[in-house]
Amino acid sequence: MAQIELVNRKFPEWLKVRLPKPDKIQHIEQMMRMARLHTVCESARCPNLPECWSKGSATFMILGDICTRHCGFCAIKTGKPLPVDPQEPMRVAQIAKRMGLKHIVVTSVARDDLPDGGSGQFAATIRALHETIPHAIVEVLTPDFKGKTWCIRRVVDAQPEIFNHNIETVERLQAIVRPQARYDRSLKVLETVKRLDPTIYTKSGIMLGLGETREEVIQTMRDLRNAGVDALTIGQYLRPTQRHLPVQEYIHPDQFEEYRVLGEEMGFLFVASGPFVRSSYNAIAFSQRVMAERLARVGAVESA
Ligand code: SF4
């Protein structure tokens, strides 16, 4: 049984864990390779992989593993991306069905090289998943499509249950952390989704430990709430390699807990906040809420 190495002498106690990697996971990884598919879970070496996969959620990365951008925290390769593969949406759907997934997250690198930013491939993947696994929850974690409304509308029209777009950090640090993105543009993406279809849940995520202050984090949470965002994830930034931004601070679990409570007081439907929290962490917990509300909505229509 392979071990996931997360032990690092300079990590504080709460970040020192060794997680077993069940054989079932290795079997799924082999399936992914045979299907020529990528997951963020693997490429980001996410510590939560065994937990999420065994709970029935995974994050697929479409549109290849080469990005047109160069964010200071991200281990994904930058360069000339691969051509769009028209068979990929159905391959994702078939593997997701074989894995017995109930909550599927679809994400991608930034494809500024494509006129539609990859929004067409997102829409095709959402439709393939809904067709193949009708009762599954489909969450998309998208780039900002350079704020183009017609690209956002293309994804919205495919009706994902959850539309996630990470703002990643506070306004002051955007230029260092994600130089090709913008704080206001990311807020506009999330607002546009809600304007185009208020029944879609929106979600965003922040990493901590890059030098932000408590006040700046709370202001970012407020800005997201004002943009109508329903769900929020807050996690600890961990440096992938020496080439990436240094960690300025390891945030204590008590501070994460304070942000969780504040987030719920601000009206977020769901807040996952903790050192190991990632964008799709515990996605199932939020999708159970989505399912419950969806059933209630259907029930209300039928009894009307
Ligand atoms: S846009 Fe996304 S995939 Fe590309 S470098 Fe930034 S975080 Fe990584």
Arg294 vs. criteria open to solvent by 30 Å² or more (accessible area, probe 1.4 Å), at pLDDT below 95, in a loop (DSSP other than H, G, I, E, B) and not hydroxyl-bearing (Ser, Thr, Tyr): no
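Among the residues that make up the stretch 47-59, is at least one of them within 14 Å of the ligand (Cβ to nearest atom), surrounded by 19 or more Cβ atoms within 10 Å (Cβ to Cβ) and at pLDDT below 95?
Step one: filter the stretch 47-59 for residues within 14 Å of the ligand (Cβ to nearest atom), giving 59.
Filter again for surrounded by 19 or more Cβ atoms within 10 Å (Cβ to Cβ), leaving 59.
Applying the additional criterion that residues be at pLDDT below 95 yields 59.
Yes; the residues of the stretch 47-59 include at least one that is within 14 Å of the ligand (Cβ to nearest atom), surrounded by 19 or more Cβ atoms within 10 Å (Cβ to Cβ) and at pLDDT below 95.
Yes or no: Ala110 under 26 Å from Glu191 (Cα atoms), among the hydrophobic types (A, V, I, L, M, F, W, C), at pLDDT 95 or above and away from the ligand (no atom under 16 Å from the Cβ)?
Working: under 26 Å from Glu191 (Cα atoms): yes; among the hydrophobic types (A, V, I, L, M, F, W, C): yes; at pLDDT 95 or above: yes; away from the ligand (no atom under 16 Å from the Cβ): no.
No.
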Scope the stretch 71-82; condition within 20 Å of the chain's Cα centre (by Cα) and more than 6 Å from the ligand (Cβ to nearest atom); matching residues: Gly72, Phe73, Ala75, Lys77, Thr78
The one condition in (1) at positive phi; (2) under 19 Å from the mean Cα position of the chain (by Cα) that Lys188 fails to fulfil: (1)
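In the list Asp184, Asp254, which residue meets the criterion of being open to solvent by 20 Å² or more (accessible area, probe 1.4 Å) and under 24 Å from Lys10 (Cα atoms)? Working first, answer last.
Values: Asp184 fails: under 24 Å from Lys10 (Cα atoms).
That would be Asp254, the only listed residue that is open to solvent by 20 Å² or more (accessible area, probe 1.4 Å) and under 24 Å from Lys10 (Cα atoms).
For the stretch 198-209, enumerate the residues that are open to solvent by less than 20 Å² (accessible area, probe 1.4 Å) and part of a loop (DSSP other than H, G, I, E, B). If you could, list the steps in order and put the result at the bottom.
Within the stretch 198-209, the subset open to solvent by less than 20 Å² (accessible area, probe 1.4 Å) is 200-206, 208-209.
Answer for the stretch 198-209, where residues must be open to solvent by less than 20 Å² (accessible area, probe 1.4 Å) and part of a loop (DSSP other than H, G, I, E, B): Ile200, Gly209.
At pLDDT below 95 and either within 19 Å of the chain's Cα centre (by Cα) or closer than 21 Å to Val217 by Cα (or both): does that describe His135? Before the answer, list the steps.
Values: at pLDDT below 95: yes; either within 19 Å of the chain's Cα centre (by Cα) or closer than 21 Å to Val217 by Cα (or both): no.
Judged against the criteria, His135 is not a match.
Output yes when any residue across the stretch 117-132 is among the charged types (D, E, K, R) and within 16 Å of the ligand (Cβ to nearest atom), and no when none is.
Of the residues in the stretch 117-132, the ones among the charged types (D, E, K, R) are 127, 131.
Then keep just the ones that are within 16 Å of the ligand (Cβ to nearest atom); that gives none.
So far as the stretch 117-132 goes, no, none of its residues is among the charged types (D, E, K, R) and within 16 Å of the ligand (Cβ to nearest atom).
Any idea how many residues of the stretch 60-70 are closer than 26 Å to Ala285 by Cβ and more than 10 Å from the ligand (Cβ to nearest atom)?
We begin by selecting, within the stretch 60-70, every residue closer than 26 Å to Ala285 by Cβ; these are 60-62.
Now restrict to residues that are more than 10 Å from the ligand (Cβ to nearest atom): 60, 62.
Here the count works out to 2.
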Meets criteria (charged (D, E, K, R) and within 16 Å of the ligand (Cβ to nearest atom)) for Asp85: no
Gln159 open to solvent by 70 Å² or more (accessible area, probe 1.4 Å), under 20 Å from Ile62 (Cβ atoms) and out of contact with any Pro (no Cβ under 7 Å at 6 or more places or on another chain): yes
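Within the stretch 136-190, which residues are of a type in the set (A, V, I, L, M, F, W, C), more than 11 Å from the ligand (Cβ to nearest atom) and within 22 Å of Leu238 (Cβ to Cβ)?
Step one: list which residues in the stretch 136-190 are of a type in the set (A, V, I, L, M, F, W, C), which gives 136-138, 140-141, 145, 150-152, 155-156, 158, 162-163, 167, 170, 173, 175-177, 181, 187, 189-190.
Pick out the ones that are also more than 11 Å from the ligand (Cβ to nearest atom) and you get 136-138, 140, 145, 150-152, 155-156, 158, 162-163, 167, 170, 173, 175-176, 187, 189-190.
Across the stretch 136-190, the qualifying residues are Ile167, Val170, Leu173, Ala175, Ile176.
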One residue from Ile104, Ile28, Ile95 being crowded, with 17+ Cβ neighbours inside 10 Å, of a type in the set (A, V, I, L, M) and assigned to a strand (DSSP E or B): Ile104
Residue among Thr125, Thr132 that is open to solvent by 10 Å² or more (accessible area, probe 1.4 Å), in contact (Cβ under 8 Å) with a residue 40 or more places away in the chain and under 30 Å from His27 (Cα atoms): Thr132
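The values are calculated or read from the model by the stated rules, or taken from the named source; none is laboratory data. Quick caveat, the model's predicted, so the values are computed rather than measured. Here the Cβ is made from the backbone with ideal geometry for all residues, glycine too, and neighbour counts use every protein chain on show. Keep in mind that these areas ignore ligands, DNA and RNA; they rest on the heavy atoms of the full protein, side chains included. Shrake-Rupley method; radii C 1.70, N 1.55, O 1.52, S 1.80 Å.
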